[in-house]
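What follows is a set of notes on a single structure, which appears directly below.
The values are calculated or read from the model by the stated rules, or taken from the named source; none is laboratory data. Keep in mind it's a predicted model, so treat the numbers as computed, not measured. We place every Cβ from the backbone using ideal geometry, glycine too, and count neighbours over all the protein chains shown. Side chains included, ligands, DNA and RNA excluded: accessible areas come from the protein's heavy atoms. Shrake-Rupley method; radii C 1.70, N 1.55, O 1.52, S 1.80 Å.
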Amino acid sequence: MNNKLENPSRRRLFRGKVTPPTPSLRLPWIKNEDHFLSNCTQCGDCIEACETNIIIKDDAGFPAIDFSNNECTFCDKCHASCQQPLFVDKHDIKTNNPLPWPAQLEINNQCLAENNIFCQSCQDVCETSAIVFDFKKSSIPTPTINLADCTQCGACISTCPQDAISLNLTKLEITHV
Ligand code: SF4
Ligand code: SF4
Ligand code: SF4
């Protein structure tokens, strides 16, 4: 068994130092990555506006989402604070772009339940009940994500003691229309 599984509580001590994934998740409902990089002025207003402090600057100085400490409430304050035309039209969100990121939530093999250690922390924080546990794999119930019910809020990502959950971009070149 590796050190992460032996010392899950220690992971919380170092959570603030977790490096965000590459490529970066940008702000919710941007048009696309190329357009974002060409038009974001790196002013930092969205970072100041975010009510859950999940926007950081990436190595190049652009804003990126870091779910390691908190979730996105979809408050829209980053969008409201931004002076640049980086986002999809609001009326277009519900019809064509219901999800904030062209990404998919995944659970990797660091999950405690997948390693026969009881844990249901992710399910406990999921407001849409998108994470279900069953006994298909072993005597310890293991999680499955129902992507149709996942809002991509990131609450489960910040809660997982193993950092086993991530929101991974699936089609960076396409993104929102
Ligand atoms: S929608 Fe709100 S909580 Fe989410 S990143 Fe933007 S400012 Fe932060
Ligand atoms: S407020 Fe807009 S222009 Fe300024 S850093 Fe954030 S996304 Fe870029
Ligand atoms: S990211 Fe999805 S699965 Fe995780 S807590 Fe939010 S809605 Fe639930």
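Gain on full extension, evaluated as 0.36 nm per residue between D34 and K136 minus their Cα-Cα distance, stands at 32.5 nm. F133 exposes around 40 Å² of accessible area when a 1.4 Å probe is run over every protein chain in place.
The phi-based Karplus calculation (6.51 cos²θ - 1.76 cosθ + 1.60; θ = phi - 60°) puts the 3J(HN,Hα) values of the range 149-164 at 9, 8, 8, 6, 5, x, 4, 5, 5, 6, 8, 4, x, 9, 6, 8 Hz, whole numbers, x for Gly and Pro.
For Q42 and E106, what does the FRET efficiency come to when R0 = 35 Å and r is the distance between their Cβ atoms, rounded to the nearest 0.05? Once the sixth-power term is evaluated, E becomes 0.75. Here the 3J(HN,Hα) profile of the range 41-48, calculated from phi with Karplus coefficients 6.51, -1.76 and 1.60 at θ = phi - 60°, is 8, 6, 5, x, 4, 5, 5, 5 Hz, Gly and Pro shown as x. Sparsely packed loop sites in the range 27-81 (the GluC sites (Glu not before Pro) outside DSSP H, G, I, E and B with at most 13 other Cβ atoms within 10 Å) comprise E51.
Indicate the gyration tensor shape class of the range 95-139 (rounded, prolate or oblate), computed on the Cα atoms with a ≥ b ≥ c the square roots of the eigenvalues: a/c under 1.5 is rounded; otherwise a/b larger than b/c is prolate and the rest oblate. It comes out prolate by the Cα gyration axes. Compared with the direct C-alpha span, the chain from D89 to N168 gains 26.1 nm at full extension, assuming 0.36 nm per residue. Computed over protein heavy atoms with a 1.4 Å probe, the accessible surface of the range 31-177 works out to 53 Å² per residue. Figure note: K31, K57, K137 ranked by solvent-accessible area, largest first, 1.4 Å probe, ligands and nucleic acids not counted: K137, K57, K31. Maximal additional length on extending the D124-E51 stretch stands at 24.1 nm, based on 0.36 nm per residue less the C-alpha distance. Packing around the peptides 81-89, 154-162, 111-119, taken as the average count of other Cβ atoms within 10 Å per residue, puts them in this order, highest first: 154-162, 111-119, 81-89.
The Cβ shell under 12 Å around C40 holds other residues with a net charge of -1, Lys and Arg each +1, Asp and Glu each -1. Close amide H pairs (under 5 Å, H built 1.01 Å from N) link R26 with I65, residues at least 5 positions away or on another chain.
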